[in-house]
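Below: the structure, in structure tokens.
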Amino acid sequence: MNILTAPQTQVENAVMIMVTEAIGDNLSISCVDGHKVYDQIAAAFHAGKNAIVSFKDAEDVTSAFLAIGHLYAEFPDFSGTVEQIEIISQGRGYGGN
């Protein structure tokens, strides 16, 4: 499923988070930057919204950056609230839910 095929109610109740805009860089490597994205996702969840997270134009995503996985501790139903994770690599898009 991608943003173009997601049910309309899921998209309407979602916040789009562009990783490169959230961190102000295309290098997704630091834990501090990962926490910036985490904060935006958590804010969406607290507001009762879903999150659409796009890694378009992001480079060098490291495990330190992916500390956003800590959402599982705060939000046990995390997997049901992220509707779309979009990764663009070498001009090709990959999506998942």
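The values are calculated or read from the model by the stated rules, or taken from the named source; none is laboratory data. Since the model is a prediction, treat every value here as computed from it, not as a measurement. Neighbour counts are summed over all protein chains in view; Cβ atoms, including those assigned to glycine, are modelled from backbone coordinates with ideal geometry.
So here's what we get for this one:
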{"read-out": "Top-ranked residue in segment 31-42 [being in contact (Cβ under 8 Å) with a residue 12 or more places away in the chain and not charged (D, E, K, R); ranked as surrounded by the fewest Cβ atoms within 10 Å (Cβ to Cβ)]", "value": "Cys31"}
{"read-out": "Residue that is nearest to Asn13 (Cα to Cα), among those in segment 39-55 that are in contact with a helix residue (DSSP H, G or I) (Cβ under 7 Å, 6 or more places away or on another chain) and at pLDDT below 90", "value": "Asn50"}
{"read-out": "Leading residue by the ranking (surrounded by the most Cβ atoms within 10 Å (Cβ to Cβ)) among those in segment 56-71 that are at pLDDT below 85 and hydrophobic (A, V, I, L, M, F, W, C)", "value": "Ile68"}
{"read-out": "Leading residue by the ranking (surrounded by the fewest Cβ atoms within 10 Å (Cβ to Cβ)) among those in segment 8-30 that are modelled with pLDDT of 90 or more and over 13 Å from the mean Cα position of the chain (by Cα)", "value": "Gly24"}
{"read-out": "Any hit, segment 72-91, residues being at pLDDT 70 or above, surrounded by 14 or more Cβ atoms within 10 Å (Cβ to Cβ), touching a Lys or Arg at 6+ places or on another chain (Cβ under 8 Å) and not aromatic (Phe, Trp, Tyr)", "value": "no"}
